[in-house]
Amino acid sequence: MQAINQGNKKTVIVLGILTLAALALPIVGIPYQEYAMSVLTFAFIYTLLGQSWNLLGGLAKQFSLGHAAFFGLGAFATAACSSLGMPALISLAVGGVAVAVFSLPIGLICFSARGPYFTIITLAIAEILRIVFLWRPELSGSEGILLPPSIFSTRIGIYYLTLGLTAASIFTFRWMARSKQGLALVAIGDDEDACSEIGIKVKYIKSSTLLVSAGMAAVAGGCYGLFTQYLSPNDVFSINYSLEAIFISTIGGIGSAFGPLVGALLVSLLEETLNPLVPGAHLLVLGAILITIMFLLPKGLVTLFKKSDDKQGPRMQIKIKRRQPAA
Amino acid sequence: MDYSTLAMQLFLTGIFLSSLYILVTFGLTMIFGVMEIVNFAHASFAILGGYACLLAVTSLGMDPFVALVPVVAFMALVGWLTFEFFARYTLDVGDAHVVHYYALLLIISNVLALIFGLDYKFVPSGLGYSQIELGPFKYPLLKFLVAIISLATVAGLSLYLKKSVIGKKIRAVSQSKESAEIMGIDSLKIRRITWIIGVSSAGLMGALVGLVNPFSPYAGTTYLIVAFSVAILGGMGSLFGTIVAGFIIGMTESLFSLFLPSQISPVVAFVFIIGVLMVKPEGLFSRA
């Protein structure tokens, strides 16, 4: 126990310093400040998206390929609210809640299937939304829509907003993962039939998690819309966001609270450095990194930072596995 | 236009769509049956085939229909390489394999985007708008040929699986890997062959689609979902189911094109598949 506490203390100190540095970044003048802020802002938006996927995909192993649906819906809902004249923060919140409610029927549809079938339904839902939004001019049409400027269209505004939301998402994840619900989710990921046999309300647990997950993805989409001030269905509903949500969580560490942040920093850094040189190159590099990580570090980059005495740390599992043949 | 002409048009368009859908799903469902892998990169192989055909026609000046032969050979090579350096290592990772295949999808589509750019391209067929006369009806010759080629390929593949020794081994592994291994079948070899057949048939489908519709490096998603729709409706791993389901979805889409604007016609297949999965989560003709 003491070792764990000491490890935690160190982690807390490191995280505190990093948080302070992140908070101070826009105020203290450093070289490449604007660049760093834009990298971090996108990293934070991606963290939200990745974290929302991580809740279902990481804990319960429900590999959704449709988080772009919630991302895009959130972006458009936020845009609709702000063009009605609502303040940006309120439209973000309304968008998040609206999409969370919308996810209930979606959950009903998706969770009737399992495994790869679930993945395919989620993919189909995102594609349907993309096609419908492209088709109906009153929703958006192919021209897309513009958002009115707000305090969050400035670099500093969106930076602090997304920083705060990222911290909130990490706490939400930790809280959910350690709650009874989180345990149930992990159990569902291990064996769904066994869970329902011992009386876990599998569908209820999954749907309520999807509610939180969809809200989180919607807020990520809303932030994206507030910052870029332009949305088009082909962009926000594209499969790339669904894929990035998965990559961010898997590269960073599937089912771990800080995994999406680590993954998102890497993705965002790659995107900002490689995209100006060769458009699209970052996705290629990302794919290569992902395959490497999946084969070498199946639990993601956070494994590198973890202490071996961590409760669910992958290293511990490896140790056990290595001991077995020796014994 | 009188009703019989219209009905014939819809029927032929239905056959045309179905033939392509069956061809692309065939590989997907075979790979699932034998390797227990849901190949999310399947449609990217199709797009890769489209670009290979484009290169063969525009750079080497080949006739597009002759070019299909080297395209299939090239895709077989791609299949062999991806199996040896990638797919064989994903056989025992369980459900997480979907992530590996997303990554493969990302790599293929972005390599294509880097080489060819994001614009929509199509393979010049040289046939233009020439029509074929089928009794009193007229139909675009190009689409007719494409449908014939893909149906012939599907028929050939089915026959191969039914009659040849390798085909029988493939079906054996698909039914039960353990029993097949006990009977002395080299399951890794069978999986390699299945993977190569799957990838090449996807590439052929992509080349054929490229003759008819414009495509871009990211256009695979639509075909991916259609292929999944067919595969699920037919029951993953069931080849007979795939053929029936391909016709059902192709015909339905053709019929709905009467009432719906063309840009939302793929939605039909998606809604169809969601409906089927809600009612029967294992597909209509699932393997027992």
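The values are calculated or read from the model by the stated rules, or taken from the named source; none is laboratory data. All of these numbers come straight from a predicted model, not from anything done at the bench. Glycine also receives a Cβ, built like all others from the backbone with ideal geometry; neighbour counts cover every protein chain displayed.
A few notes on this one:
- Within the set B:Gly206, B:Gly198, the sole residue that is touching a strand residue (DSSP E or B) at 6+ places or on another chain (Cβ under 9 Å), more than 14 Å from chain A (Cβ to nearest Cβ) and at pLDDT 90 or above turns out to be B:Gly206.
- The requirement of being away from chain A (no Cβ under 14 Å) and out of contact with any strand residue (DSSP E or B) (no Cβ under 6 Å at 6 or more places or on another chain) is not satisfied by B:Val98.
- For the stretch A:222-247, a tally of residues being of a type outside the set (A, V, I, L, M, F, W, C), farther than 18 Å from A:Pro149 by Cβ and buried (at least 24 other Cβ atoms within 10 Å of the Cβ) returns 4.
- Residue in the stretch B:149-164 that is outside any helix (DSSP H, G or I) and surrounded by fewer than 20 Cβ atoms within 10 Å (Cβ to Cβ) present: yes
- Residue among A:Val99, A:Val28 that alone is within 21 Å of A:Pro260 (Cβ to Cβ) and either in contact (Cβ under 8 Å) with a residue 24 or more places away in the chain or out of contact with any His (no Cβ under 7 Å at 6 or more places or on another chain) (or both): A:Val99
- Helices (runs of 4 or more DSSP H) fully within the stretch A:116-201 that include at least 2 residues being within 23 Å of the chain's Cα centre (by Cα) and surrounded by 20 or more Cβ atoms within 10 Å (Cβ to Cβ): A:155-178, A:180-190.
- Scope the stretch A:271-327; condition away from chain B (no Cβ under 14 Å), modelled with pLDDT of 50 or more and either assigned to a helix (DSSP H, G or I) or under 18 Å from A:Thr250 (Cβ atoms) (or both); matching residues: A:Glu272, A:Thr273, A:Leu301, A:Val302, A:Thr303, A:Leu304, A:Phe305, A:Lys306
- Pairs are defined by a Cβ separation below 7 Å, a sequence spacing of at least 6 or placement on different chains, a first member in the stretch A:105-116 that is at the interface with chain B (Cβ under 7 Å from one of its Cβ atoms), and a second member that is assigned to a helix (DSSP H, G or I) and surrounded by fewer than 17 Cβ atoms within 10 Å (Cβ to Cβ); the pairs so defined are A:Ile109/B:Met278; A:Ser112/B:Met278; A:Gly115/B:Asp95.
- Selection of the stretch A:117-138 for residues being more than 9 Å from every other protein chain (Cβ to nearest Cβ) and among the acidic types (Asp, Glu) yields only A:Glu138.
- Scanning the stretch B:82-95 for residues that are more than 19 Å from the chain's Cα centre (by Cα), more than 8 Å from every other protein chain (Cβ to nearest Cβ) and crowded, with 18+ Cβ neighbours inside 10 Å returns a single hit, B:Thr90.
- Among the residues of the stretch A:29-87, those that are under 14 Å from A:Ser103 (Cα atoms) and away from every other protein chain (no Cβ under 14 Å) comprise A:Ser52, A:Phe70, A:Phe71, A:Gly72, A:Leu73, A:Gly74, A:Ala77.
- Taking the numbered list (1) within 14 Å of chain A (Cβ to nearest Cβ); (2) more than 15 Å from the chain's Cα centre (by Cα) in turn, B:Gly234 passes all entries but (2).
- Candidates in the stretch B:101-142 are the residues that are surrounded by 18 or more Cβ atoms within 10 Å (Cβ to Cβ) and among the hydroxyl-bearing types (Ser, Thr, Tyr); of these, the one that is nearest to the other protein chains (Cβ to nearest Cβ) is B:Tyr102.
- Helices (runs of 4 or more DSSP H) contained entirely in the stretch A:1-102, each with at least 3 residues that are hydroxyl-bearing (Ser, Thr, Tyr): A:33-53, A:67-83
- Criterion applied to A:Ser213, A:Ser207 was being of a type in the set (Ser, Thr, Tyr), more than 14 Å from chain B (Cβ to nearest Cβ) and buried (at least 19 other Cβ atoms within 10 Å of the Cβ), and the one residue passing it is A:Ser213.
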